[in-house]
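Enquirer: Please find one structure pasted underneath; my questions will follow.
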Amino acid sequence: MARPPRLRFAPSPTGFLHVGGARTAIFNLLHARRHGGTMVLRIEDTDLERSRRQHAEQILESLAWLGAEWDEGPIRQSDRLDRYRERALELVARGAAYRCFCTVEELENERGEAEARGRQYRYSGRCRSRADADPSAPHVVRFRVEPGTIRFHDRIRGEVEFEGELIDDFVLLRSDGHPTYHLSVVVDDIDMDITLVARGEDHLSNTPKHVLLFRALGAEVPEFAHVPLILGPDRKRLSKRTGATSVEEYRNMGVLPQALFNFLLLLGWSPGEDRELITREEAARLFDIGQVHRSPAVFDLEKLLWMNHQYMQRMEARELAPLLEPLLAEPAEDRQTLTALVRMLQPRARTLREMAEMAAPMLAEDDGFEYEEEAVRKHLRGEDLEARMQELRDALAGIEPFELGTTEQALRALAEARGVAAAKYIHPLRLALTGRGASPPIFDVIDVLGREKTLARLDRLLARIPALRSGS
Ligand code: GLU
C-alpha cells in the first residue's frame, strides 16, 4: 500500500491570511484527510524585513477560526537558519554550489550588457571556477544549474517541463548568510518528509529550481500540485481594489467559518451533481487534489453571501445568538430576547453584521433611534393618521393575551371596522417600532418587543407626528 501522504501549508507572515492562501490550506488539509495523511504547518519567516511575529500569530488564528487545523507544527524557519546553512555548505563541498564574489556593480554591468543586446539577463556563472578566491571575502552561495530538461509531475497540470538553460545559477545563501526562499523551502520539505507539495500556481516557475535542489541534496523529488489563482470580478488576480482579500475581513463582515470554508473549497473544486453545500467532513471523504480544475476560479461575493445565508438559516437560533452578541451596539435584555430576535432575522440577514444592523433599532432604547426620512414621507400620511394610530395603540393596550395571533387579529379587525387597508396601519406602525420602512414581519417585531415597548414606541411616534410631518 502507498505511504500516507505528507503535505504542508507554508505561509509567509507578511500580512493577514489571504483567501487564496486559505484555500491552499484547505486543499492541503482535505487531501491529507482523505488519504489518511498529515498536514504540517510551516511559517516561512526568513524574510526578516517583511515578516512579523504578530502576522504569524494572526495567520494561525485565522486558520484555526476557519477550521483548517494542521497536524504538525507550526515550524518556524527562523529557528532553522543553521540547518539551511549547513546544507548549502554541503553542496559547496560537493561542487554542486559555489561561492560567488561578484559585486553588485559587476552584476549590474552584466545585466546592462544583456539588456543592451536585447537578451533576457541570466548570471554568467563567472565565479563557477574562481577557486582561488578568499572565502572570508563577502560572497553569496549559488547553485550550479547544469543544462538539460527538468521534468516533474504535477497532480493538476500533468507532466511539466522546463529547460535548464533558461535557469540562472540561483542564490542559496545571501551575503549575510541568510537562506533564500528556494533553499529553505527545499531543505524543509526534505526534513519534514513532504511527499506532495501543493501550493499556488505563482510558484510554478520556482519548481524546476526546487527539483534540482532536491536531487542535489540526495532526496526523492516529491509530487507537486500547483493550484490555479483566484480571480476577482474583473478577471484579474484577486486584489484589494475589487474587494476584501483576507480571511479576517470576511470574518469581520460576519461570515461564518463553515460558509467561508465551503465557499473557498468550491473555488476550483466541485463535489459533482451541482452540489453547493458540503460539510468539511464530507469533503474530507471526497476531495482529491488531482480533481482541482486547471483553470482559474472567480471569486463571486454574491455567491459567498448566498452561501453564508444558507448556513445561517440552517443553524439553531440559540447557536447563532452568541455569535451575534459581540457585534451588537447594545446588548439584548436577556438570552431569550436575543434568541427570538435571531430567529426573526434569520430568513433575512446574509451575514452576522447585517443581522446586527437589522437588530439595532429593536435593541435600542425606545426613544434611542431615528426615523428614516423616506419612510416618514411615504407612510406618515392622511388626515386621520393620528386618530388611526391612537386607536391602534388603545386596541393593543387592551388585548389579552398579548401574543402573535391576537395582535394581528386586533389590527386587522380595526382596519376592517374602519374600512381601510391593513397596510395603512402596518406601515406607520413599522415606522414607530423600528424607525424604518422595511423590517421583518411586523407581528413578529411586536412579539419580540412585547407590549410595553410596543406601546412606548407608538406613544413616541404619536407625540412626534406633527413635527415629523412639518419636516422639522
Ligand atoms: N511561503 C510561500 C508563500 O507564502 C509558499 C511557499 C511554498 O508553498 O512552497 O507564497
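Enquirer: So, of the residues in the stretch 400-420 that are aliphatic (A, V, I, L, M) and at pLDDT below 95, which turns out to be farthest from Asp444 (Cα to Cα)?
Expert: Residue satisfying both the conditions and the ranking: Val420.
Listed here are the residues, each with its yes/no results for (1) within 16 Å of the ligand (Cβ to nearest atom); (2) out of contact with any Gly (no Cβ under 9 Å at 6 or more places or on another chain); (3) farther than 15 Å from Leu89 by Cβ.
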| residue | (1), (2), (3) |
| --- | --- |
| Gly158 | no, yes, yes |
| Glu161 | no, yes, yes |
| Asp169 | no, no, yes |
| Pro179 | yes, yes, no |
| Thr195 | yes, no, yes |
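Enquirer: Say we look at the stretch 226-276 and pick out the residues that are free of Cβ contacts under 8 Å to residues at least 24 places away in the same chain and in contact with a Gly (Cβ under 7 Å, 6 or more places away or on another chain); which of these is nearest to Leu305 (Cα to Cα)?
Expert: Thr242
Enquirer: Would you confirm whether any residue within the stretch 58-65 is surrounded by fewer than 18 Cβ atoms within 10 Å (Cβ to Cβ), more than 28 Å from Ile156 (Cα to Cα) and more than 21 Å from the chain's Cα centre (by Cα)?
Expert: No.
Enquirer: Do we find a residue being of a type in the set (Asp, Glu) and farther than 20 Å from Phe152 by Cα anywhere in the stretch 181-188?
Expert: The answer is no, given that none of the residues of the stretch 181-188 is of a type in the set (Asp, Glu) and farther than 20 Å from Phe152 by Cα.
Enquirer: Which numbered condition trips up Arg157, out of (1) surrounded by 15 or more Cβ atoms within 10 Å (Cβ to Cβ); (2) over 29 Å from Pro228 (Cα atoms)?
Expert: All conditions pass for Arg157, except number (2).
Enquirer: Surrounded by 13 or more Cβ atoms within 10 Å (Cβ to Cβ), in a loop (DSSP other than H, G, I, E, B) and touching a helix residue (DSSP H, G or I) at 6+ places or on another chain (Cβ under 7 Å): does that describe Val186?
Expert: Spelling it out, it is not the case that Val186 is surrounded by 13 or more Cβ atoms within 10 Å (Cβ to Cβ), in a loop (DSSP other than H, G, I, E, B) and touching a helix residue (DSSP H, G or I) at 6+ places or on another chain (Cβ under 7 Å).
Enquirer: Something else now. Do you know which residues across the stretch 104-131 are hydroxyl-bearing (Ser, Thr, Tyr) and either surrounded by 11 or more Cβ atoms within 10 Å (Cβ to Cβ) or within 42 Å of the chain's Cα centre (by Cα) (or both)?
Expert: Tyr121, Tyr123, Ser124
Enquirer: Hey, could you check the stretch 197-212 for residues that are under 21 Å from Pro11 (Cα atoms) and of a type in the set (A, V, I, L, M) and say which is farthest from the ligand (Cβ to nearest atom)?
Expert: Step by step, filter the stretch 197-212, then rank; the result is Val211.
Enquirer: Further question on the same structure: Find the residue count for the stretch 161-183, including only residues that are at pLDDT 95 or above and part of a strand (DSSP E or B).
Expert: Number of matching residues: 6.
Enquirer: So which residues in the stretch 369-393 are among the acidic types (Asp, Glu), in a loop (DSSP other than H, G, I, E, B) and touching a residue at least 12 places away in the same chain (Cβ under 8 Å)?
Expert: Glu370, Glu372
Enquirer: Still on this model: For the stretch 132-154, give me each residue that is part of a loop (DSSP other than H, G, I, E, B) and buried (at least 18 other Cβ atoms within 10 Å of the Cβ).
Expert: Residues satisfying the conditions are His139, Val145.
Enquirer: For the stretch 272-291, indicate whether the set of residues that are within 19 Å of the chain's Cα centre (by Cα), within 30 Å of Phe152 (Cα to Cα) and crowded, with 19+ Cβ neighbours inside 10 Å is non-empty.
Expert: yes
Enquirer: Can you find a residue in the stretch 201-212 that is over 33 Å from the mean Cα position of the chain (by Cα) and closer than 30 Å to Arg3 by Cβ?
Expert: Yes.
Enquirer: Okay, next question. Against the condition on the phi < 0 side of the Ramachandran plot, in a helix (DSSP H, G or I) and either exposed (fewer than 12 other Cβ atoms within 10 Å of the Cβ) or in contact with a Gly (Cβ under 6 Å, 6 or more places away or on another chain) (or both), how does Ala415 come out, does it pass?
Expert: Judged against the criteria, Ala415 is not a match.
The values are calculated or read from the model by the stated rules, or taken from the named source; none is laboratory data. If you're wondering where the values come from, they're calculated on a predicted model, not measured in any experiment. Don't worry about glycine lacking a Cβ; one is built from the backbone with ideal geometry, like all the others, and counts go over all protein chains shown.
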